[in-house]
Amino acid sequence: MIRRALPLLASLALAACAAQKAPDAPPPAPAAPPEPTSISLTQQERDAIAAALKDMGAKPVDTPVAWATPAASGSVKVLRDGFDIQNRPCREFHSLVVQGKLYQHSTAFLCRQPDGAWEVVQAREYPTYRHDKSVPGSRPTPVSAAPAS
């Protein structure tokens, strides 16, 4: 009786194995977050830029003053000195902000007020660019239009 039951049990066991579903494939990995298309500065970064601008005031024309935080860096430099129509001393400066693969240039004219403070009389931001320097031969590509002035 056991001999007769053995082939039946074996065929039932094989049928059970064949009926088992293969394990599910693991779920797909989540999509990478989109790369940023604009530079957003923290208070720490704004403070670093303000300190660089203050240091820039004592530097000669075309002398860059660098600043850096863990997440961003950049520099400011005076492009030229002059006077406005009211005979106030003025300076044109250039700044560069780099955050990850993004960078942005801007220029501004500052004129000294009678109280010694500098007033921004004109400023211009240029488009934000992305440049992946880890890719040989890559070229910067614009990721945003210039902000409206």
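Numbers below:
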{"read-out": "Counted residues, the range 44-74 - those being of a type outside the set (A, V, I, L, M) and surrounded by 18 or more Cβ atoms within 10 Å (Cβ to Cβ)", "value": "3"}
{"read-out": "The range 42-63 residues that are over 17 Å from LEU96 (Cβ atoms), paired with ones that are among the β-branched types (Val, Ile, Thr) (beta carbon under 6 Å, 6 or more apart)", "value": "GLN44/THR69"}
{"read-out": "Options PRO142, PRO136; residue that is touching a residue at least 12 places away in the same chain (Cβ under 8 Å) and either more than 21 Å from GLU45 (Cα to Cα) or out of contact with any Gly (no Cβ under 6 Å at 6 or more places or on another chain) (or both)", "value": "PRO142"}
{"read-out": "Number of positions in the range 32-78 that are in a strand (DSSP E or B), touching a helix residue (DSSP H, G or I) at 6+ places or on another chain (Cβ under 6 Å) and of a type outside the set (Val, Ile, Thr)", "value": "1"}
{"read-out": "Residue among LEU96, LEU110 that alone is touching an Asp or Glu at 6+ places or on another chain (Cβ under 7 Å) and not in a loop (DSSP other than H, G, I, E, B)", "value": "LEU110"}
{"read-out": "Selection count where residues are acidic (Asp, Glu) and either in contact with a helix residue (DSSP H, G or I) (Cβ under 8 Å, 6 or more places away or on another chain) or not in a strand (DSSP E or B) (or both), scope the range 113-124", "value": "1"}
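All of the numbers you see were taken from the coordinates with simple rules; none came from a lab. What you see is a predicted model; the values in this text were computed from it and never measured. All Cβ positions, even for glycine, are placed from backbone atoms using ideal geometry, and neighbour counts span all protein chains on display.
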